[in-house]
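*Asks:* Just dropping this structure here.
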Amino acid sequence: MKFLRIDRRIRRRFNLVALILLAILVALIWRHFLSSESVNLRATKPVEIAQTNEPIQPIPIAIAIDSAKVALGEKLFQDVRLSQNNRVSCVSCHNLSQGGAARRSHSPGIDGAKTKVNTPTVFNVRFNFRFNWDGEFERLFDHLDALMTNPKVMDTQWQKAIESFQNTPEYARSFNQIYPDGVTQTNIKDAIVAYELSLNTPNSRFDRFLSGNKQALTAAEQEGYRLFKAYGCVSCHQGVNVGGNMFQPFGAIGNYFADRGNITKADYGRYNITKNEADRYVFRVPSLRNVALTPPYFHDGSAETLEGAIAIMTKYQLGRPLSQEQIDLIAQFLRTLNGVYQGKAL
């Protein structure tokens, strides 16, 4: 039995090293993809990602945008006329003053109807490889379209909205200056997507640390980052967005859903899209950028604090419950991921 226990420890360490190496490989491939491909539609231009020797890369300080489209998209993002009842806008679920999310386990839509899952942040969305917790959409444009046509979210009445914007001089002028065909359904969504792609939060303290400023992080925060890597968190949370670039089962080691109980269809994750049994309880790994600002956590909004989310992750994803001191150190590191938007620290 003693040899068996030793063998298990060796295999666990081997698996951890393999996961970290895989994370670095995924990060390198994703960095190459971002630097050579456009993420979405005509609103996006190639993004140059800084080279580092770490599995996480800093968000680029400058990303080319179409300022006219972004300005128009920002207005549309806040305009309730895009909802059926003229009460809900994109910002209802993605409040930039609250980390680009809603800080609720489930966000309200049309007539108070609640979303089936927790709303992820819209900040740094350009660095996600798919959209929705179940990864249903490859393009941000299609993801936006699904939300706007969803009768429980926006339930956009397109003809009514188009006529309203055409009859608003400021909107009509902006659309005609940017788009040859003026106000159309496609152009409305294109402008909103351009705005969403501009919502980047570079220059976090951790980004500055990655860029060579070793004083940007305290000794405790650096130790938290070391633990984040040593215990394998970085195997899923890496790349520019510290996540957002792969699928993983929720409960890789323990059975989270059996322990939580009250399983719903929303808990099936990617299975709802593929109908492949292997995808049951599989989700897109969320980004940890600005994570300290967006409680509650997970697709079900079940973790109310950052420390609570870390404890759940280490138990069910890594199978290695950590001490409270270790959890606190990792939380200190994660708080250094809060970035800067429009010159102001989030």
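The values are calculated or read from the model by the stated rules, or taken from the named source; none is laboratory data. Small disclaimer: the values here were computed from a predicted structure and weren't measured. Because the Cβ atoms are built from the backbone with ideal geometry, glycine has one as well, and the counts that use them run over all protein chains shown.
*Asks:* Conditions first: (1) over 30 Å from A331 (Cα atoms); (2) assigned to a helix (DSSP H, G or I). Q215 passes all but one, so which condition is the exception?
*Replies:* All conditions are met except number (1).
*Asks:* Being surrounded by fewer than 22 Cβ atoms within 10 Å (Cβ to Cβ), at pLDDT 95 or above and aromatic (F, W, Y): is that true of F257 here?
*Replies:* Judged against the criteria, F257 is a match.
*Asks:* Do the conditions hold for M148, that is, is it touching a residue at least 60 places away in the same chain (Cβ under 8 Å), outside the structural domain of V240 (by TED's automatic domain parsing) and not in a loop (DSSP other than H, G, I, E, B)?
*Replies:* Criteria met by M148.
*Asks:* State which residue is nearest to Y341 (Cα to Cα) when the search covers only segment 53-68 and only residues that are surrounded by 15 or more Cβ atoms within 10 Å (Cβ to Cβ) and out of contact with any Asp or Glu (no Cβ under 7 Å at 6 or more places or on another chain).
*Replies:* Per the criteria, the residue is I63.
*Asks:* Give, as residue ranges, the helices (runs of 4 or more DSSP H) completely inside segment 234-346 that count at least 2 residues that are under 20 Å from the mean Cα position of the chain (by Cα), more than 20 Å from R126 (Cβ to Cβ) and free of Cβ contacts under 8 Å to residues at least 24 places away in the same chain.
*Replies:* Filter on segment 234-346 gives 306-313.
*Asks:* Then there is this: Does R280 qualify as being under 15 Å from V234 (Cα atoms) and basic (K, R)?
*Replies:* For R280, the condition - under 15 Å from V234 (Cα atoms) and basic (K, R) - is not met.
*Asks:* Could you grab the pairs with beta carbons closer than 7 Å, sequence gap of 6+ or different chains, first residue in segment 212-226 and at pLDDT 95 or above, second one charged (D, E, K, R)?
*Replies:* So the pair list comes out as A216/R205; A216/R208; L217/R205.
*Asks:* Check R81, R42, R87 and return the single one that is more than 19 Å from the chain's Cα centre (by Cα), modelled with pLDDT of 95 or more, of a type in the set (D, E, K, R) and not in a strand (DSSP E or B).
*Replies:* R81
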